[in-house]
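The next block holds one structure in the form of structure tokens; read it before the comments.
The values are calculated or read from the model by the stated rules, or taken from the named source; none is laboratory data. None of the values given here were measured: they were computed from a predicted structure. Note: areas computed on protein heavy atoms with side chains; ligands, DNA, RNA excluded. Shrake-Rupley method; radii C 1.70, N 1.55, O 1.52, S 1.80 Å.
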Amino acid sequence: MSFPAGSRIVPALPDENARYDSITLVKNSGNWDAIKVVGEFPHSRYYSFNVYDSLGTKILADLPDFKIDPLPGHTNPFLPGADRSALNRSFELYLVDSKSDFVIPDDAPYMIIPEDVGEFKVMIRCYRADEGLDDWGGVDKVKLVPLSNEGVAICPDEYPTKNTIEDGLSLISFNEVAIQNYQNAKKIQGDEVIFVRFPESAYFPCAHNSYLTGVIRGYGVSIIRFKVPEYEDTFSGSSVFNGTTETRYWSICVYGFAMATNIDCIEDDTTPVDKNGFATIVIAPMSLKNATESAGLGWVRSGHGYDPMIFYRQIMQREDFDSGINSVIYHPQEVSTNETKETFFEYDARNNIGDYAPYGRHMSDKAYTYWLDAGDYVSIFGSFESSIKPETLLKLN
């Protein structure tokens, strides 16, 4: 089963610059012992396979792009220094039942399905396809071939699949911990937008992604600012991956909480960055888009998603980069109706990574227009000691 990231209801807190393909498989059907996955490496920023339990909440196995060996005579374009435009870019990998006697071909990449798992899901992610290509990065979708222990292909009519993607769509709505964390943040932070690293309890977490979450209002304007990390700039056709950037990819996306619906995103290579390496991103109505972008600020569309929130996503943070999301401590995985401002702010990401953590303010459309006209793009995040005084903002709000 496949679906583009532009779909507004996708069970993975989707990024608009990604494609997600998923299928549900039944392991203990007696019809197969391994599944060979045949495909080509896309022309994109990131590519991966993740295997999940039947609910899509636990990762059972994963393979990121750089760990997938190409076929002999072919190129893995995601390896540092490899030719990203290589014509021969095919691979084969295997999903193997842990109880089977299937012999994995030498040096072939594989993922083992645990013994106690009967039904599982496989999701393929393809992020930021190169300019001018479709969202699958200019290659065909992968083919899945079920195999016997002897490596013989089984008739596709017996292929054990179940298209049950929809059964988990509402999972986030009924996650008690996620709901309480959202309500606490909304109540405690006031006009601020504080980013916290909550446990990845959302449907279909990704083994190679890290997230910070900020809660915003469903009306008015939210403004966030942070120092941006380095990223691999591949969209316009960089010939190779550098391999030393601080992250592979980052983005800011706005979602509706209840159903994890995507409202809008802005990605690393389209975000304006000032001379000091900071991005200022405004979540605002369409009516403020032109004024915001004319001022050199990033714009993300606000929408009518129920209880909106911001996700700051980083993919493949470099291990020695101490100012990435992986360096932020998690908020406890527990339900607390008595969380105070003091305890909540202990998990403000700025405490761990400083300016690299987004921080924001919320205001009315009118206050934002006043602030924008004044051209004072920094003071809103500090003490307001500028041409826009606190009492003025209070009146405008």
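The H on the amide N of Tyr110, modeled in the peptide plane, is under 5 Å from the matching H of Tyr94, each at least 5 residues off or on a different chain. Bridging of Lys99 to lysines at a Cα separation below 29 Å is possible for Lys27, Lys36, Lys58, Lys67, Lys121, Lys141, Lys143, Lys162, once same-chain residues fewer than 8 apart are set aside. Close amide H partners of Phe204, meaning residues 5 or more places away or on another chain with modelled amide H under 5 Å apart, are Thr57. For Lys366, the lysines whose Cα falls under 24 Å of its own Cα, not counting residues fewer than eight places away in the same chain, are Lys186, Lys187, Lys289, Lys389, Lys395. Sequentially through the stretch 221-228, phi angles give Karplus couplings (6.51, -1.76, 1.60; θ = phi - 60°) of 10, 10, 10, 10, 9, 6, 7, 8 Hz, Gly and Pro residues having no value and appearing as x. Expressed per residue, the C-alpha convex hull volume of the stretch 59-140 stands at 119 Å³.
Size estimate for the stretch 194-305 follows the Kirkwood approach: the inverse of mean 1/r over distinct Cα pairs works out to 15.5 Å. For Phe198, the residues whose amide H sits under 5 Å from its own are Thr213, His331, ignoring neighbours fewer than 5 places away on the same chain, with H placed 1.01 Å from N. Using the Karplus relation 6.51 cos²θ - 1.76 cosθ + 1.60 with θ = phi - 60°, the per-residue 3J(HN,Hα) values for the stretch 183-193 come to 5, 4, 4, 4, 6, 7, 7, x, 7, 7, 10 Hz, with x marking Gly and Pro. Nonpolar atom fraction for the stretch 194-301, defined as the carbon and sulfur part of the 1.4 Å probe accessible area, stands at 49 percent.
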